[in-house]
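Worksheet: the structure to be examined is printed underneath.
The values are calculated or read from the model by the stated rules, or taken from the named source; none is laboratory data. Being a predicted model, the structure only gives us computed values, none of them experimental. Glycine also receives a Cβ, built like all others from the backbone with ideal geometry; neighbour counts cover every protein chain displayed.
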Amino acid sequence: MKLSPTGARFALAAIAAPLAVWGWAEATATIKFTEMAAKAGIQTNHHTRVFPGKAADVLRMFTSGGSSGAAGDYDGDGLDDLFVTDSDNGKPNHLFHNNGDMTFTEVTDKAGVAKGNDPKSIVADALWFDYDNDGKEDLLVARFGTPILYHNEGGGKFKDVSAGSGFTRFGNTIAAVSFDYDNDGLTDVMFGNYFKPLNLIELPDPHVLPNDLDNAINGGGVTLWHNDGKGKFTDVTDKAGFGKLTGWTLDLGHGDFDNDGDQDIYIACDYGTDRIFFNNGNGTFTDTTEKSIGFDTRKGMNAEVTDYDNDGYLDIYVTNITDEYMKECNMLWHNNHDGTFTDISKETNTCATLWGWAAKFGDFDNDGWPDLYVVNGLRSAGKENYIPVLLNNLLLKPGMDFTDVRNWPDIGGMTWSGYQKKKMFHNLAGQTFKEISGEAGTDNEMDGRGLSVADFNHDGKLDIFQVNADQKAIFYKGVTEGGGNWAQFKLTGTKSNRDAIGARITVKAAGLTQMREVDGGNGYAGQSSKTVHIGIGKATKFDSVEIRWPSGLVEKINGAAIGKINKITEGKGLQTK
Amino acid sequence: MRMRNLTPAKWLLSGALLTGLIVPAFAASEAEIAKAEAAMAAKDYNTAITVLEAALQNDPDNIRLGSDYRQAILRKSVATYKKEGNPVDFDRCISFFEKLVAGHPNASMAYLNYGFCHVDKIAAAGSITQVLLANTALTQFTKSIEIKPSWIALYTRGNSYLYWPVIFGKAGLGVADLERAYAMQKSEPTRAYHQRLYISLGDGYWKQDNIEKARAMWKEGISKFPDSKQLKARLDRKDDDLKSYIDDQLDPNKRVDTDLHEIWEAK
């Protein structure tokens with residue numbers, strides 16, 4: 001390993017860390033989860049879209065990413081509920097009300113949010129956000145098609161307001177995040193689009209697949225939509241600086257990467273380079289990919305953001321494909337504090353997670369250091385392996401046009417990167433990670449896609465909802481014993497967007513400073529809770545708590561409680577403990 | 001001698017030297033080589049490339065000219081582009097040799113260098129492109145063997161097969177080539193470069209899950225080359241530790257040092 005400046009920093013930090021976190025290390029417990037999806041009533045079964053015609057098999061495989069889950073408190077009872085997508089024609093999506101006792105009740109029909117999978121559209125992602133700041137979480141359903149925007153009418157009912165929303169542009173959307181890019185107090189929306197905007201079901205042109213499997217430039221890019229208020233959104237993609245992107249976007253991760261008070265964006269792309277854009281603070285962004293991270297040829301699947309090493313700067317975790325036949329390695333982009341990042345996935349043991357999909361940070365043992373759960377697996381089926389078939393019948397055949405869906409060999413009952421064990425990484429004081437999925441009880445072999453992390457029963461232990469492609473969902477209840485103390489923070493914006501997306505909370509306790517941001521849907525095909533969960537080890541009080549709101553207001557919070565949810569309203573401080 | 005890594009390419013060229021493939025070609029191009037080396041030393045890669053392209057036009061089967069030319073291309077790219085170089089830069093080498101072998105269809109060593117052009121690009125390329133490049137390299141190595149089944153070409157192709165994951169079932173092809181090269185070297189006096197074949201052939205057996213045969217080959221190698229660190233490293237390891245070691249040695253993302261200069265300095 002070459003010892004880069006960052007590597008050298010890590011070497012020094014590794015020596016210092018045991019001293020700095022000595023008190024915290026005592027709080028280390030064995031991270032444990034127990035699976036209870038069926039018992040909880042949320043063992044949904046996902047179905048990928050079945051396509052008509054000769055290209056059905058290949059298209060089904062290429063669109064198998066539409067299994068997603070979103071955690072959000074739609075009824076304002078303080079508990080995160082779950083919206084779960086399906087993808088096949090006519091299959092309903094699901095809304096589950098959280099009963100607070102680790103059981104859920106399906107309320108889809110009453111809420112009126114089942115639809116989305118019609119003969120021309122495929123549901124692929126979902127997002128809770130309060131676009132009109134009325135205090136009720138609205139629902140956005142992203143599709144290979146046009147999105148559906150549901151307004152939360154209250155009383156557990158939703159109204160489809162798509163027609164008047166401005167979301168009329170067709171896209172093969174696989175990812176959606178909401179954040180207030182211009183800090184005007186309204187959350188905006190960015191869509192990540194996989195294929196170029198062409199209806200795959202009607203397939204007017206069979207040349208829809210990547211034109212290069214390492215440097216493709218015929219994907220769907222992204223679109224950015226400005227929230228104008230009054231339920232209207234305007235396409236500002238070109239104006240903001242994203243109009244030239246043609247990558248195969250699979251995920252989006254936002255955050256204030258340079259600590260300047262506005263939200264920047266990381267765009268993870270399949271079949272080619274990821275992109276990072278910094279917010280200029282004037283409604284436009286600058287593509288700093290070459291300087292910040294360099295161009296890559298990997299298969300970016302996920303963009304998750306947190307300050308994993310508690311150095312006050314947000315870092316980014318991207319999954320790629322690292323399997324027997326492809327050695328890409330994931331990327332843990334350590335923030336160098338100067339607009340550049342260094343990939344330290346190898347140094348931190350987070351490089352190889354097979355065919356990666358979603359990855360989510362969460363402090364699963366409440367020791368103050370965000371751990372990491374990564375799902376993987378493309379297609380678990382029969383004994384025959386698709387890779388040699390693909391190699392010999394497409395990749396190594398001279399003159400084959402990869403873009404033509406008709407040239408791809410049928411997969412039939414074959415397996416492709418299937419039966420892969422999930423990876424749980426325990427964060428060792430921000431220096432490295434230890435893979436513990438076996439002992440944690442999370443080493444399932446499903447074809448994972450999306451993750452939602454939340455404390456669904458308010459016991460101070462984060463739980464994980466995992467959705468899978470063409471398979472049943474998994475629900476892991478956090479049951480770690482002997483973990484550290486914790487606190488949660490539910491922020492409500494007043495001048496800022498009401499969801500407080502982009503708000504930054506910085507806490508100090510027992511000598512450790514932690515910074516977290518409220519995110520609007522980072523990570524592939526899954527939205528985690530907007531309630532910020534912070535583990536604090538053995539500490540029994542906060543030395544300080546500070547909120548930096550998107551409006552720019554910096555607010556010191558006194559009296560934040562340990563072991564409880566602290567509700568904080570912008571400009572008004574702590575409301576309840 | 002520039003020993004950045006103990007890599008197969010250098011050693012396989014030693015074989016070429018000693019099997020009389022190269023030496024006759026040296027004399028005709030000494031002036032060009034000297035001029036190119038001076039340019040390389042001055043990091044004037046453009047001049048080196050131009051000189052060597054011209055020299056290769058006159059002496060296409062000269063493996064040394066081809067090797068130096070590829071090094072000039074590589075060094076220029078790495079000097080101006082971080083990491084492993086800009087993939088596009090290597091296309092000049094590929095394009096040049098494509099035309100060269102078209103005009104000289106019996107130039108076995110030109111085909112070998114043509115294959116190496118693709119190998120040189122692999123570390124700079126994406127994971128799928130790596131597969132395509134590796135496959136094309138095999139095609140060129142095969143043509144080199146068809147023209148003249150030399151130790152070096154057999155060793156090169158055999159060793160190349162070992163870089164392919166087991167799932168593609170190429171280990172057997174690699175072992176077959178390496179066994180042919182092994183038979184060739186058995187008929188020669190022991191040379192330093194022979195240890196490379198013991199390593200690779202043992203690795204091939206290991207990839208076929210024939211651990212005993214692999215260890216026997218490595219043991220035979222170390223009996224002749226007791227100072228070989230790579231042979232010792234294999235014999236000192238077992239099970240997962242050995243797998244990790246060999247997997248690391250055959251990692252397609254690590255640049256294979258195809259600088260063949262060693263053979264002209266090795267005695």
Q: Go through the stretch A:288-313 residue by residue and tally those that are among the hydroxyl-bearing types (Ser, Thr, Tyr), more than 14 Å from every other protein chain (Cβ to nearest Cβ) and surrounded by fewer than 22 Cβ atoms within 10 Å (Cβ to Cβ).
A: 2
Q: Would you point out the residue of the stretch A:319-371, among those that are of a type in the set (Lys, Arg) and in contact (Cβ under 8 Å) with a residue 24 or more places away in the chain, that is surrounded by the most Cβ atoms within 10 Å (Cβ to Cβ)?
A: A:360
Q) Of all residues in the stretch A:53-70, how many are outside any loop (DSSP other than H, G, I, E, B), surrounded by fewer than 24 Cβ atoms within 10 Å (Cβ to Cβ) and in contact with a Ser or Thr (Cβ under 9 Å, 6 or more places away or on another chain)? A) 2
Q) Of all residues in the stretch B:76-126, which are in a helix (DSSP H, G or I), in contact (Cβ under 8 Å) with a residue 12 or more places away in the chain, more than 25 Å from residue B:153 (Cβ to Cβ) and within 12 Å of chain A (Cβ to nearest Cβ)? A) B:87
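Are any of the residues in the stretch A:314-328 within 13 Å of another protein chain (Cβ to nearest Cβ), within 19 Å of the chain's Cα centre (by Cα) and among the hydrophobic types (A, V, I, L, M, F, W, C)? Reasoning before the result, please.
From the stretch A:314-328, those within 13 Å of another protein chain (Cβ to nearest Cβ) are A:320-328; that's our starting set.
Narrowing further to those that are within 19 Å of the chain's Cα centre (by Cα): A:320-321.
Going one step further and asking which of them are among the hydrophobic types (A, V, I, L, M, F, W, C), we end up with A:321.
Within the stretch A:314-328 (the criterion being within 13 Å of another protein chain (Cβ to nearest Cβ), within 19 Å of the chain's Cα centre (by Cα) and among the hydrophobic types (A, V, I, L, M, F, W, C)), the answer is yes, since at least one residue qualifies.
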Q. Of the numbered conditions (1) in contact with a Phe, Trp or Tyr (Cβ under 7 Å, 6 or more places away or on another chain); (2) at pLDDT 95 or above; (3) over 27 Å from residue B:130 (Cα atoms), residue B:216 satisfies every one except a single condition; which is it?
A. (1)
Q: Name the single residue, out of those in the stretch A:198-223 being out of contact with any Asp or Glu (no Cβ under 7 Å at 6 or more places or on another chain) and part of a strand (DSSP E or B), that is farthest from the other protein chains (Cβ to nearest Cβ).
A: A:222
Q.
For the stretch A:111-143, which positions are farther than 25 Å from residue A:230 by Cα and touching a strand residue (DSSP E or B) at 6+ places or on another chain (Cβ under 9 Å)?
A. A:117, A:118, A:120, A:121, A:122, A:123, A:124
Q: Could you tell me whether residue A:307 is among the acidic types (Asp, Glu), in contact (Cβ under 8 Å) with a residue 40 or more places away in the chain and in contact with a His (Cβ under 9 Å, 6 or more places away or on another chain)?
A: no
**Q.** Hey, residue B:167 within 14 Å of chain A (Cβ to nearest Cβ), over 19 Å from residue B:151 (Cα atoms) and part of a helix (DSSP H, G or I) or not
**A.** yes
